[in-house]
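Here's the structure we're looking at; comments come further down.
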Amino acid sequence: MSSSRGRFGIHGGQYIPETLMNAVIELEAAYNRYKDDPDFNRELNALLNDYAGRPSRLYYAEKMTRDLGGAKIYLKREDLNHTGAHKINNVLGQALLAKRMGKTRLIAETGAGQHGVATATAAALMGMECVVFMGEEDTKRQALNVYRMKLLGSEVIPVKTGTATLKDAVSEAMREWTRRISDTHYCLGSVMGPHPFPTIVRDFQAVISREIKEQLFEKEGRLPDAVIACVGGGSNAIGSFYHFIGDESVALIGCEAAGRGIDTFETAATVNTGRLGIFHGMKSYFCQDEFGQIAPVYSISAGLDYPGIGPEHAHLHDIGRAQYVPITDDEAVEAFEYLAKTEGIIPAIESAHAVAYAKKIAPNMGKDKIIVVTLSGRGDKDCAAIARYRGEDINE
Amino acid sequence: MNRIRSAFENGKAFIPFITCGDPDLETTAKTVREAVKNGADLIELGIPFSDPTAEGPVIQGANIRALAGGVTTDKIFDLVRDLRADVKIPLVFMTYANVVFSYGSERFISTCREIGIDGLILPDLPFEERDEFLPTCRKYGIALIPLIAPTSENRIAMIAKEAEGFIYVVSSLGVTGMRSEIKTDIGAIVKVIRENTDIPCAVGFGISTPEQAAKMSALSDGAIVGSAIIKILEKYGKDAAPYVGEYVRSMKEAM
């Protein structure tokens, strides 16, 4: 008989060192105790509203809609949240939970730096110590965010192992957690890792789809036909999908980073190129070689540059409830520029993957159809890198 | 009976860990034979993994060197076939869950049986997930060796009761690597283990000196040493085998 916890179909579980087992069991118990606690939720909601700026806007992108000539496009503006991305939703929840558990120190991994900045922000606000692990390669791609984290009082540790990107930052944060558990909470930034993280992070991000549903009902009196979001680990996507999973008429579309293309080795499109495996605490799909060695993935987007995908997404893929499509660097950069020129909104390069897919499908849909695209973050952090991609060198 | 038990019948067991293919498989074969000659009672053979999350910098380095040298699971199976021509002591694999899972659990574990591997240590497979591989391990008579950590506390009895092969007692918090001092109360952990099973237990993580090996094995049934051996391999490369042999003898004599 299996005692495994936290399964989504065959995915999920808790594949972690014994040293961490009591820590995740304690975390699950604390989460179950507080998730429906009125005081906890009152405090969290006050922070989400007054500090982070929720609810985020659902904006009708009229010019983009007209330009594409098909489905009506709404943008869910997570980029307008404090710290500039959806990451703050999860971090405020986890930091409050960590405080209730008596923890005084937060550690986190970060790819693009948005989760690191959000964690550093919550730590500053709540008077906690904070250490962020970031791949050395990413500290170069996202130098501005490194500075922001330091400004907020966090220590940033560049990770030099492996490909020096997000997966290595996760590995190093896990190693640090096994070294120091009693006062430290690992504030994981996506719907991945061992149970209970995929569930906790999803629940804290589900506010996105709850708001989309209410806001669209107010504006249009109905459900959308499609919800599109980018997927690395998949936290903004699961947050955007969650309250629509039971509404079969709503197409749920996750956009994976194809890098230079899914027929090349320079890709991070897990569902499209990976296979079932066990890594970073979970069973899910991973980019790997025939002997199970994790592949050195690539994407222009540091936030999607990860060889795995959250277990709930893997399950939604298995049962056909969501589809996961690859978007290349070229397509994402083009969408990044397109949204800036068309709507005056500079999206994060991660979110630009979702915009790119909306651009592809909207013209082929009727004018009576509605697409919601989640803009998971804003693109200020990416301007220097995109300029470089276009052969322009600017001083940051 | 699984032959692992025999490793603990010659006084305290000394258990070296060697990453296969660091720097190449020929050196691994020579090093294993030297270790056997000099008193190793059981050897942990590491199958390298790209992202070894339970390892400190030293063993991470060995994993990277081995993979860069082109080692694969199949080549390591061939190494063991070759070793088994003359190596009679128990051999176990230490690797990560994905290496086994991705190869196909049945295919991997049945091959272990065929080539003479006695057990499997997977640091990212806790008690709750053991059913991923346990039924297949039992089918082929391969011991799935559990780990108990300083943070296991109320879990020790549960893990010990169902243990097979031997129990790997993790001496310290954190990842593998040498430590000047081991602060965990190993005696207290072993006491709970003893109350629940007569399976032997050996202590690993952070042991490098003969004094530490003597102290840790006095509290248990043996000592496991990884990083200190990898350091010797890192220093001497293809010429490391006799130096590892010498080190193994000094450790075994101290225990």
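Inspect all residues belonging to segment A:59-78 and state whether any of them is of a type in the set (Asp, Glu), surrounded by 21 or more Cβ atoms within 10 Å (Cβ to Cβ) and under 26 Å from residue A:221 (Cβ atoms). Before you say what the answer is, go through the steps one by one.
Filtering segment A:59-78 for residues of a type in the set (Asp, Glu) gives A:62, A:67, A:78.
Retained after the next criterion (residues that are surrounded by 21 or more Cβ atoms within 10 Å (Cβ to Cβ)): A:78.
Subset that is under 26 Å from residue A:221 (Cβ atoms): A:78.
Within segment A:59-78, one or more residues are of a type in the set (Asp, Glu), surrounded by 21 or more Cβ atoms within 10 Å (Cβ to Cβ) and under 26 Å from residue A:221 (Cβ atoms).
So for segment B:59-81 (the condition being over 21 Å from residue B:14 (Cβ atoms), among the acidic types (Asp, Glu) and outside any helix (DSSP H, G or I)), does at least one residue qualify?
We begin by selecting, within segment B:59-81, every residue over 21 Å from residue B:14 (Cβ atoms); these are B:60-61, B:63-79, B:81.
Now narrow it down to the ones that are among the acidic types (Asp, Glu): B:74, B:78.
So of that shortlist, the ones also outside any helix (DSSP H, G or I) come out as none.
Among the residues of segment B:59-81, not one is over 21 Å from residue B:14 (Cβ atoms), among the acidic types (Asp, Glu) and outside any helix (DSSP H, G or I), which makes the answer no.
Given the criterion at pLDDT below 95 and surrounded by fewer than 24 Cβ atoms within 10 Å (Cβ to Cβ), identify the matching residue among A:144, A:152.
Values: A:152 fails: at pLDDT below 95.
Selected residue: A:144, the only one of A:144, A:152 that is at pLDDT below 95 and surrounded by fewer than 24 Cβ atoms within 10 Å (Cβ to Cβ).
Where residues in segment A:1-25 are surrounded by 14 or more Cβ atoms within 10 Å (Cβ to Cβ) and more than 8 Å from chain B (Cβ to nearest Cβ), which of them is farthest from residue A:195 (Cα to Cα)? Before the answer, list the steps.
Going through segment A:1-25, the residues surrounded by 14 or more Cβ atoms within 10 Å (Cβ to Cβ) turn out to be A:4-9, A:11-25.
Applying the additional criterion that residues be more than 8 Å from chain B (Cβ to nearest Cβ) yields A:6-9, A:11-12, A:24-25.
Values: A:6: 5, A:7: 8, A:8: 10, A:9: 13, A:11: 11, A:12: 7, A:24: 7, A:25: 9 Å.
Within segment A:1-25, the match that is farthest from residue A:195 (Cα to Cα) is A:9.
Do you know which of the residues in segment B:1-54 that are more than 26 Å from residue B:175 (Cα to Cα) and not in a helix (DSSP H, G or I) is modelled with the lowest pLDDT?
This residue is B:1.
Filter segment A:300-334 down to the residues that are under 30 Å from residue A:136 (Cβ atoms), in contact with a Phe, Trp or Tyr (Cβ under 9 Å, 6 or more places away or on another chain) and among the small types (Gly, Ala, Ser) and list them by number.
Those that are under 30 Å from residue A:136 (Cβ atoms), in contact with a Phe, Trp or Tyr (Cβ under 9 Å, 6 or more places away or on another chain) and among the small types (Gly, Ala, Ser): A:308, A:310, A:314.
Just for segment A:347-396: of the residues that are farther than 15 Å from residue A:141 by Cβ and among the acidic types (Asp, Glu), which one is modelled with the lowest pLDDT?
Per the criteria, the residue is A:392.
Which numbered condition trips up residue A:151, out of (1) farther than 20 Å from residue A:17 by Cβ; (2) touching a residue at least 40 places away in the same chain (Cβ under 8 Å)?
Status for residue A:151: all satisfied but (2).
I'd like the residue in segment B:163-202 that is among the small types (Gly, Ala, Ser) and in a loop (DSSP other than H, G, I, E, B) and, out of all such residues, is surrounded by the fewest Cβ atoms within 10 Å (Cβ to Cβ).
First pass over segment B:163-202, keeping only residues among the small types (Gly, Ala, Ser): B:163, B:165, B:171-172, B:174, B:177, B:180, B:187-188, B:202.
Those still in the list that are in a loop (DSSP other than H, G, I, E, B) too: B:163, B:165, B:171-172, B:174, B:177, B:180.
Values: B:163: 22, B:165: 25, B:171: 23, B:172: 23, B:174: 21, B:177: 20, B:180: 8.
Among those that are among the small types (Gly, Ala, Ser) and in a loop (DSSP other than H, G, I, E, B), it is B:180.
Looking for something crowded, with 21+ Cβ neighbours inside 10 Å, at pLDDT 95 or above, among the polar types (S, T, N, Q) and not assigned by TED's automatic domain parsing to the domain that holds residue A:301 - is there at least one such residue anywhere in segment A:115-123?
Yes, segment A:115-123 contains a residue that is crowded, with 21+ Cβ neighbours inside 10 Å, at pLDDT 95 or above, among the polar types (S, T, N, Q) and not assigned by TED's automatic domain parsing to the domain that holds residue A:301.
Could you count how many residues in segment A:281-318 are polar (S, T, N, Q), in a loop (DSSP other than H, G, I, E, B) and within 14 Å of chain B (Cβ to nearest Cβ)?
Let us first name the residues in segment A:281-318 that are polar (S, T, N, Q), namely A:284, A:288, A:293, A:299, A:301.
With in a loop (DSSP other than H, G, I, E, B) added as a condition, the list becomes A:293, A:299, A:301.
Going one step further and asking which of them are within 14 Å of chain B (Cβ to nearest Cβ), we end up with A:293.
Counting residues in segment A:281-318 that are polar (S, T, N, Q), in a loop (DSSP other than H, G, I, E, B) and within 14 Å of chain B (Cβ to nearest Cβ) gives 1.
Given the conditions (1) among the hydrophobic types (A, V, I, L, M, F, W, C); (2) touching a Phe, Trp or Tyr at 6+ places or on another chain (Cβ under 7 Å); (3) free of Cβ contacts under 8 Å to residues at least 24 places away in the same chain, and given that residue A:352 satisfies all but one, which numbered condition is not satisfied?
The number of the failed condition is (3).
Does segment B:132-191 hold any residues that are within 14 Å of another protein chain (Cβ to nearest Cβ), among the aromatic types (Phe, Trp, Tyr) and within 29 Å of residue B:209 (Cβ to Cβ), and which are they?
B:168
So if I check each of B:31, B:111, B:19, which one is polar (S, T, N, Q) and touching a Phe, Trp or Tyr at 6+ places or on another chain (Cβ under 8 Å)?
Working: B:31 fails: touching a Phe, Trp or Tyr at 6+ places or on another chain (Cβ under 8 Å); B:19 fails: touching a Phe, Trp or Tyr at 6+ places or on another chain (Cβ under 8 Å).
The conditions single out B:111.
Checking the structure you have, find out if any residue of segment A:208-227 is surrounded by 23 or more Cβ atoms within 10 Å (Cβ to Cβ), outside any helix (DSSP H, G or I), within 14 Å of another protein chain (Cβ to nearest Cβ) and not acidic (Asp, Glu).
Checking segment A:208-227: not a single residue is surrounded by 23 or more Cβ atoms within 10 Å (Cβ to Cβ), outside any helix (DSSP H, G or I), within 14 Å of another protein chain (Cβ to nearest Cβ) and not acidic (Asp, Glu).
Given the structure, is residue A:306 surrounded by 24 or more Cβ atoms within 10 Å (Cβ to Cβ) and among the hydroxyl-bearing types (Ser, Thr, Tyr)? Steps first, please.
On the way: surrounded by 24 or more Cβ atoms within 10 Å (Cβ to Cβ): yes; among the hydroxyl-bearing types (Ser, Thr, Tyr): yes.
Taking the combined requirement at face value, the residue satisfies it.
Within segment A:322-374, which residues are under 25 Å from residue A:111 (Cβ atoms), part of a strand (DSSP E or B) and either not aromatic (Phe, Trp, Tyr) or not assigned by TED's automatic domain parsing to the domain that holds residue A:68 (or both)?
A:322, A:323, A:325, A:326, A:327, A:328, A:347, A:372, A:373, A:374
Only one of B:182, B:224, B:229 is among the β-branched types (Val, Ile, Thr) and farther than 20 Å from residue A:17 by Cα; which? First the steps, then the outcome.
Details: B:182 fails: farther than 20 Å from residue A:17 by Cα; B:224 fails: farther than 20 Å from residue A:17 by Cα.
Step by step, each of B:182, B:224, B:229 is checked, and only B:229 is among the β-branched types (Val, Ile, Thr) and farther than 20 Å from residue A:17 by Cα.
Give the residue that is surrounded by the fewest Cβ atoms within 10 Å (Cβ to Cβ), with candidates limited to residues of segment A:159-183 that are in contact (Cβ under 8 Å) with a residue 60 or more places away in the chain and more than 11 Å from chain B (Cβ to nearest Cβ). Spell out how you get there, then give the answer.
Of segment A:159-183, the ones in contact (Cβ under 8 Å) with a residue 60 or more places away in the chain are A:162-163, A:165-167, A:169-174, A:176-178, A:180-181, A:183.
Checking which are more than 11 Å from chain B (Cβ to nearest Cβ) leaves us with A:165-166, A:169, A:183.
Details: A:165: 25, A:166: 33, A:169: 32, A:183: 12.
My answer is A:183.
Evaluate segment A:320-329: report whether one residue or more is of a type in the set (Lys, Arg), in contact with a strand residue (DSSP E or B) (Cβ under 8 Å, 6 or more places away or on another chain), over 20 Å from residue A:351 (Cβ atoms) and crowded, with 22+ Cβ neighbours inside 10 Å. So that I can check it myself, show each step before the final result.
Here is the first cut: in segment A:320-329, the residues of a type in the set (Lys, Arg) are A:321.
Filter once more, keeping what is in contact with a strand residue (DSSP E or B) (Cβ under 8 Å, 6 or more places away or on another chain): A:321.
If we keep only those that are over 20 Å from residue A:351 (Cβ atoms) too, we end up with A:321.
Pick out the ones that are also crowded, with 22+ Cβ neighbours inside 10 Å and you get none.
Within segment A:320-329 (the criterion being of a type in the set (Lys, Arg), in contact with a strand residue (DSSP E or B) (Cβ under 8 Å, 6 or more places away or on another chain), over 20 Å from residue A:351 (Cβ atoms) and crowded, with 22+ Cβ neighbours inside 10 Å), the answer is no, since none of the residues qualifies.
Within segment B:113-131, how many residues are more than 7 Å from chain A (Cβ to nearest Cβ) and either in a strand (DSSP E or B) or within 19 Å of the chain's Cα centre (by Cα) (or both)?
Within segment B:113-131, the first condition is being more than 7 Å from chain A (Cβ to nearest Cβ), and the residues that meet it are B:113-122, B:127, B:130.
If we keep only those that are either in a strand (DSSP E or B) or within 19 Å of the chain's Cα centre (by Cα) (or both) as well, we get B:113, B:115-122, B:127, B:130.
Counting residues in segment B:113-131 that are more than 7 Å from chain A (Cβ to nearest Cβ) and either in a strand (DSSP E or B) or within 19 Å of the chain's Cα centre (by Cα) (or both) gives 11.
Exactly one condition in (1) within 22 Å of residue A:53 (Cβ to Cβ); (2) touching an Asp or Glu at 6+ places or on another chain (Cβ under 7 Å) is false for residue A:223; which is it?
(1)
Let's see how each residue does on (1) among the charged types (D, E, K, R); (2) buried (at least 24 other Cβ atoms within 10 Å of the Cβ):
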| site | (1), (2) |
| --- | --- |
| B:88 | yes, no |
| B:94 | no, yes |
| B:105 | no, no |
| B:108 | no, yes |
| B:122 | no, yes |
| B:134 | no, no |
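So, in segment A:28-56, how many residues would count as being of a type in the set (Ser, Thr, Tyr) and under 16 Å from residue A:102 (Cα atoms)?
Taking segment A:28-56 as the starting set, the residues that turn out to be of a type in the set (Ser, Thr, Tyr) are A:31, A:34, A:51, A:56.
Next cut, under 16 Å from residue A:102 (Cα atoms) only: A:31, A:34.
Qualifying residue count, segment A:28-56: 2.
Is it fair to say residue B:108 is over 27 Å from residue B:10 (Cβ atoms) and within 9 Å of another protein chain (Cβ to nearest Cβ)? Spell out the reasoning first.
Working: over 27 Å from residue B:10 (Cβ atoms): yes; within 9 Å of another protein chain (Cβ to nearest Cβ): no.
For residue B:108, the condition - over 27 Å from residue B:10 (Cβ atoms) and within 9 Å of another protein chain (Cβ to nearest Cβ) - is not met.
Check every one of the strands (runs of 3 or more DSSP E) wholly within segment A:1-109 and list those with 1 or more residues that are touching a residue at least 12 places away in the same chain (Cβ under 8 Å) and within 29 Å of residue A:169 (Cα to Cα).
Details: elements: A:11-15, A:58-60, A:72-77.
Output list reads A:11-15, A:72-77.
Please determine, by comparing only the residues of segment A:363-384 that are buried (at least 24 other Cβ atoms within 10 Å of the Cβ) and not basic (Lys, Arg), which one is farthest from residue A:215 (Cα to Cα). Give the steps one after another, and end with the answer.
As a first pass, look at segment A:363-384 and keep what is buried (at least 24 other Cβ atoms within 10 Å of the Cβ): A:371-377, A:381-382.
Those still in the list that are not basic (Lys, Arg) too: A:371-377, A:382.
On the way: A:371: 13, A:372: 11, A:373: 14, A:374: 13, A:375: 15, A:376: 17, A:377: 19, A:382: 29 Å.
Result: A:382.
Does segment B:18-40 include one or more residues that are surrounded by 20 or more Cβ atoms within 10 Å (Cβ to Cβ) and among the acidic types (Asp, Glu)?
Within segment B:18-40 (the criterion being surrounded by 20 or more Cβ atoms within 10 Å (Cβ to Cβ) and among the acidic types (Asp, Glu)), the answer is yes, since at least one residue qualifies.
The values are calculated or read from the model by the stated rules, or taken from the named source; none is laboratory data. The structure displayed is predicted, hence computed values, not measured ones. All Cβ positions, even for glycine, are placed from backbone atoms using ideal geometry, and neighbour counts span all protein chains on display.
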